[in-house]
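Visitor: Okay, handing you the structure first.
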Amino acid sequence: MSSQNVASLQGVSNVAQLALLVDGVVVKLFPLNKPVTTIGRDQANDIQIDEAGVSGRHARIRVQPNELLDDQVDVLLEDLGSTNGSLVNDEQVKKCQLKHNDVITIGWNTFKLLDGRSGSETTAHIIRG
């Protein structure tokens, strides 16, 4: 990501977070305040999950400025070819855009995306001339 994109990401208020859930209760929050957050068993990952069902480099989450809406971001999950896959809302995915309250399952771990805007909806209207 270019330094311009990193700077514009830093200017976005209300950073998205991954909430680690245990029995539906948030036990830890991981702010997604970097352009790329990696998830996996290896210690080099930003979110380390020491579990046999999680690959060394399991998945990554990209946070990037929205091309159409100022002060908004897109949050994208990409499975990195993990052995057991990544689930979003109980569907196996290779790549997908995440939205507020999506549930991500990696191994036996459940995360919920909290987009930082308290569920506010933003709609872009594209007018073509």
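Laboratory data are not the source of any read-out in this text; all were calculated from the coordinates shown. Everything numeric in this text was worked out from a predicted model, so none of it was measured.
Visitor: Amide H of Val73 versus every other amide H placed in the peptide plane: which residues, excluding those fewer than 5 positions away on the same chain, fall under 5 Å?
Guide: Long-range HN contacts for Val73: Asn66.
Visitor: Does the range 50-116 come out rounded, prolate or oblate, given a ≥ b ≥ c as the square roots of the eigenvalues of its C-alpha gyration tensor, rounded meaning a/c under 1.5 and, failing that, prolate meaning a/b above b/c?
Guide: On the way: a/c = 2.45, a/b = 1.94, b/c = 1.26.
Because a/c hits 1.5 or more and a/b exceeds b/c, the range 50-116 counts as prolate.
Visitor: Aspartates and glutamates within cross-link reach of Lys34: Cα-Cα under 19 Å, excluding same-chain residues under 8 positions apart?
Guide: Excluding near neighbours in sequence, the set is Asp42, Asp46, Glu67, Asp70, Asp71, Asp74, Glu78, Asp79, Asp115.
Visitor: Just to check I understand the Karplus step: with θ = phi - 60° and J = 6.51 cos²θ - 1.76 cosθ + 1.60, what whole-Hz values come out for the range 19-34, glycine and proline as x?
Guide: 9, 7, 10, 10, 6, x, 10, 5, 10, 7, 10, 10, x, 9, 9, 10
Visitor: Going by amide H atoms built from the backbone, whose H comes under 5 Å of the H on Asp102, apart from near neighbours?
Guide: For Asp102, whose amide H was placed from the backbone, the distant partners under 5 Å are Leu113.
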